[in-house]
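Here is the structure we will look at, set down as structure tokens.
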Amino acid sequence: MGHGDEHRDKHDKHLEKRTVNQYQAAPAGEMECEIVAASIGEVAWKVSDDNPRGECLRLRLRPAGNYAFIFSDTPMDWHRMLEAVRKAADASSDFTPGQFVGCRVRVVLKHYTAKDGTTRATVAKWLPAPVAVKAPSGDQSPTLVDAIKAWERQPASASTRAPAAKPSRNAPPQYGAEDDIPF
């Protein structure tokens, strides 16, 4: 075997290794992921008037299954999105990146085509972590009644119900038994 054949073998092994390490994008739709890395850093393409340095919460997610990592850069001035990330990870509101590492989150994924032509997955929506319900005693698992009681104890802001609104000024007046009804 000549020197050229040896070089070709090394090149073929390099290509083989590269194709073995290529992971396909996670499927679009709802999926569970683990946050495996988190940091706060500057991202050039996230620069805006409200975020002149492009400072972002940078997360790397490992989707369930054998798929490629998903990278999520959320600008620090996108407060509603950061709150959605925090709720999905069931984390405190101080946004220290370390608290996100190891968290399992549920997200809705969508696909996009990268500049190199490959299809990649990205987070379209962060889903809030389910409310943990504790069983009333010992070894019993929680029941539907326990879940309803836990839901009723939640503050109104944690609920998905719309806040109690002031009646429309166009609504007909409501009269009770004690009211004088105008004729």
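The values are calculated or read from the model by the stated rules, or taken from the named source; none is laboratory data. Note that the structure is predicted; figures quoted are calculated from it, not measured. As a convention, Cβ positions derive from the backbone with ideal geometry for all residues, glycine included, and neighbour counts pool all protein chains shown.
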Can you work out which of the residues in segment 10-41 that are farther than 18 Å from V85 by Cα and modelled with pLDDT of 50 or more is surrounded by the most Cβ atoms within 10 Å (Cβ to Cβ)? A26
With respect to A91, is the statement that it is outside any helix (DSSP H, G or I), in contact with a Phe, Trp or Tyr (Cβ under 9 Å, 6 or more places away or on another chain) and at pLDDT below 90 true? yes
In this structure, is G98 out of contact with any helix residue (DSSP H, G or I) (no Cβ under 8 Å at 6 or more places or on another chain), more than 24 Å from G29 (Cβ to Cβ) and of a type in the set (G, A, S)? yes
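Pick out the one residue from E83, E178 that is surrounded by fewer than 16 Cβ atoms within 10 Å (Cβ to Cβ), modelled with pLDDT under 75 and of a type in the set (D, E). So that I can check it myself, show each step before the final result.
Working: E83 fails: modelled with pLDDT under 75.
Of the residues listed, the single one that is surrounded by fewer than 16 Cβ atoms within 10 Å (Cβ to Cβ), modelled with pLDDT under 75 and of a type in the set (D, E) is E178.
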Identify all residues within segment 48-65 that are in contact with a Gly (Cβ under 8 Å, 6 or more places away or on another chain) and assigned to a strand (DSSP E or B); write none if there are none. E55, C56, R58
Give the residue that is modelled with the lowest pLDDT, with candidates limited to residues of segment 94-110 that are surrounded by fewer than 15 Cβ atoms within 10 Å (Cβ to Cβ) and out of contact with any Asp or Glu (no Cβ under 9 Å at 6 or more places or on another chain). D94
Does segment 129-139 contain at least one residue that is modelled with pLDDT of 75 or more, within 25 Å of E30 (Cα to Cα) and out of contact with any Lys or Arg (no Cβ under 8 Å at 6 or more places or on another chain)? yes
Assuming T74 fulfils every condition listed in (1) under 20 Å from A124 (Cα atoms); (2) over 15 Å from the mean Cα position of the chain (by Cα); (3) β-branched (V, I, T) apart from one, which condition is it? (2)
First in segment 66-88 and in a helix (DSSP H, G or I), second anywhere and of a type in the set (A, V, I, L, M, F, W, C) and surrounded by 17 or more Cβ atoms within 10 Å (Cβ to Cβ), Cβ under 6 Å, 6 or more apart: A84/W126; V85/W126; A88/V105; A88/W126
